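Asks: The structure is given below, and queries will be raised subsequently.
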């Protein structure tokens with residue numbers, strides 16, 4: 001079995017951070033329900049609105065200098081907001097922007113043989129953030145209700161410490 005790699009650790013560290021922020025900031029949707037954070041692309045029809053999905057999309061591996069094998073590793077994270085209306089979309093985008101600004105703690109995860117639903121979590125460095133985009137996803141006028149109020153935030157992140 002593969003151990004959790006850097007990308008999965010990064011995605012789940014962000015999910016844990018956002019789940020905690022949603023609770024501490026008392027964030028709920030306009031329908032009064034809590035807002036789930038989902039790792040991965042939206043590929044099922046059983047999601048409820050509003051929700052937030054996130055995933056690592058790419059990694060840059062630029063060399064620090066010519067002839068060096070040291071690389072400046074930065075991951076591109078995509079965060080999609082699926083809202084039930086435009087006001088909720090804007091409010092969630094603003095809240096995410098503020099919440100992510102200072103970064104979050106990176107954790108490494110390992111399988112927990114006694115409780116498969118709760119992996120073992122070990123504290124790592126800090127995740128630093130550089131915002132790339134923060135905008136509405138315009139898919140036209142004839143789109144499903146789930147996609148009609150979508151917002152995307154893209155960030156480059158790197159782990160320090």
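Asks: Please find, among 97, 9, 33, the residue that is out of contact with any strand residue (DSSP E or B) (no Cβ under 9 Å at 6 or more places or on another chain) and either under 25 Å from residue 147 (Cα atoms) or surrounded by 16 or more Cβ atoms within 10 Å (Cβ to Cβ) (or both). Write out each step before concluding.
Replies: Details: 97 fails: out of contact with any strand residue (DSSP E or B) (no Cβ under 9 Å at 6 or more places or on another chain); 9 fails: out of contact with any strand residue (DSSP E or B) (no Cβ under 9 Å at 6 or more places or on another chain).
After applying the criteria, what remains is 33.
A quick yes/no check of all residues on (1) at pLDDT below 90; (2) surrounded by fewer than 11 Cβ atoms within 10 Å (Cβ to Cβ); (3) not in a helix (DSSP H, G or I):
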site	(1), (2), (3)
48	yes, no, yes
105	no, no, yes
115	no, yes, yes
123	no, yes, yes
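Asks: Check region 137-145 and report whether any residue there is over 13 Å from the mean Cα position of the chain (by Cα), under 18 Å from residue 54 (Cα atoms) and touching a residue at least 24 places away in the same chain (Cβ under 8 Å). Break it down into steps so the answer makes sense when it comes.
Replies: Residues of region 137-145 over 13 Å from the mean Cα position of the chain (by Cα): 137-145.
Keeping just the survivors that are under 18 Å from residue 54 (Cα atoms) gives 137.
Now restrict to residues that are touching a residue at least 24 places away in the same chain (Cβ under 8 Å): 137.
Yes - at least one qualifying residue is present in region 137-145.
Asks: Please go through region 12-30 and pick out each residue that is surrounded by fewer than 16 Cβ atoms within 10 Å (Cβ to Cβ) and under 26 Å from residue 75 (Cα atoms). Can you show your working first?
Replies: Of all residues in region 12-30, those surrounded by fewer than 16 Cβ atoms within 10 Å (Cβ to Cβ) come to 19-20, 23-26, 28, 30.
Those that are surrounded by fewer than 16 Cβ atoms within 10 Å (Cβ to Cβ) and under 26 Å from residue 75 (Cα atoms): 19, 20.
Asks: Taking region 50-89 only, how many residues are in a strand (DSSP E or B), free of Cβ contacts under 8 Å to residues at least 60 places away in the same chain and farther than 21 Å from residue 151 by Cβ?
Replies: 5
Asks: List, please: which pairs have Cβ atoms under 6 Å, are six or more places apart or on different chains, and start with a residue in region 7-35 that is within 23 Å of residue 117 (Cα to Cα) and end with one that is in a helix (DSSP H, G or I)?
Replies: Within 6 Å, the pairs are 21/99; 35/22.
The values are calculated or read from the model by the stated rules, or taken from the named source; none is laboratory data. Since the model is a prediction, treat every value here as computed from it, not as a measurement. So basically every Cβ, Gly included, is an ideal-geometry build from the backbone, and we count neighbours across all protein chains shown.
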